[in-house]
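Participant: A single structure is presented below for examination.
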Amino acid sequence: MTDTNDGGAAPQAEGADAAPGMNILGQYIKDLSFENPNAPRSLIQGEQPKLDINVNVGAQQVGDDQFEVILTLNAKAERPDMVMFNVELVYAGLFKISGVPSDHMHPFVMIECPRMLFPFARNILSEATRNGGFPPLMLDPIDFAQLYRQNMANQTADQQAGEQKPN
């Protein structure tokens, strides 16, 4: 029998790029507002409400490798004759990110960090609507990569339109 074990794995070369890593240092509600302006009339069964949902992601660097990422979720349910509820949640997290090349940092922060925050924010919205007397609002998962691409395309289009305006 031949022994092919050389005593362990070869150590990584000095200076090799570290694997990308992300640590959540904290997460918190920055703002939560639930309005039920027409209760108790809004709680009576009636026509299916129209539901508008808006999602926004923002981030700011707060240290060398730390970022605060803010996920804003707005949901408004209304019937033709009344607003049933209006809820806004601003939920944030503080992230420490390492090993991500600088040219990939922006998409990493704007896609991966909100992806980590979303399940917690979704739960808070669900509980808020349930506590307001309505069925829990269960948001579908959000494709933050697609949202990022869409926002980047909109910014590029806005910049090009701004450059083409005559002075």
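Participant: Can you order the peptides 100-106, 153-159, 81-87 by their average number of other Cβ atoms within 10 Å per residue, highest first?
Facilitator: My ranking of the peptides, most packed first, is 81-87, 100-106, 153-159.
Participant: Now for a different question. Taking a ≥ b ≥ c as the square roots of the Cα gyration tensor eigenvalues, with a/c under 1.5 meaning rounded and otherwise prolate when a/b beats b/c, else oblate, which class fits the range 64-103?
Facilitator: It is prolate, given that a/c is not under 1.5 and a/b is the larger ratio.
Participant: N86 to R149: extension gain in nm, 0.36 nm per residue of separation minus the Cα-Cα distance?
Facilitator: Working: separation 63, 0.36 × 63 = 22.68 nm, distance 2.79 nm.
My answer for the length gained is 19.9 nm.
Participant: Quantify, in whole percent, the carbon and sulfur part of the accessible surface of the chain (1.4 Å probe; protein heavy atoms only).
Facilitator: Working: 5430 of 11050 Å².
The C+S portion of the solvent-accessible surface of the chain is 49 percent.
Participant: What size of dipole, in debye to the nearest 20, comes out for the range 14-90 about its Cα centre when the only charges are +1 on Lys and Arg C-beta atoms and -1 on Asp and Glu C-beta atoms?
Facilitator: Using Cβ point charges on Lys, Arg, Asp and Glu, the range 14-90 gives about 580 debye.
Participant: Can you give the calculated 222 nm mean residue ellipticity of the chain, where each DSSP H run of n ≥ 4 adds -39,500 (n - 2.57) and the sum is split over every residue, rounded to the nearest 500 deg cm²/dmol?
Facilitator: Details: 2 runs with 51 residues, N = 167.
The per-residue figure over the chain is -11000 deg cm²/dmol.
Participant: What are the extents of the Cα atoms of the range 18-96 along their three principal axes, in Å, largest first?
Facilitator: 57, 19, 16
Participant: State to the nearest 20 debye the size of the charge dipole of the chain about its Cα centre, where the only charges are +1 on K and R beta carbons and -1 on D and E beta carbons. Please report the intermediate quantities before stating the final value.
Facilitator: On the way: 11 positive and 21 negative charges, 166 e Å.
Dipole about the Cα centre, nearest 20: 800 debye.
Participant: Helix 144-164 versus the longest principal axis of the chain: what angle, 0 to 90°, nearest 10, using Cα atoms?
Facilitator: 80 degrees
Participant: Compute the Cα gyration tensor for the range 23-167, then decide on rounded, prolate or oblate, letting a ≥ b ≥ c be the square roots of its eigenvalues: rounded whenever a/c is under 1.5, prolate when a/b is larger than b/c in the other cases, and oblate in all that remain.
Facilitator: oblate
Participant: Tell me the per residue accessible area of the range 41-85 using a 1.4 Å probe; a whole number in Å² is fine.
Facilitator: I get 60 Å² per residue for the range 41-85.
The values are calculated or read from the model by the stated rules, or taken from the named source; none is laboratory data. The structure presented is a predicted model; accordingly, all values stated were derived computationally and were not measured. Backbone-built Cβ (ideal geometry, glycine too); neighbour counts: all protein chains shown. To get the accessible areas, we keep the full protein, side chains included, count just its heavy atoms, and leave off ligands, DNA and RNA. Shrake-Rupley method; radii C 1.70, N 1.55, O 1.52, S 1.80 Å.
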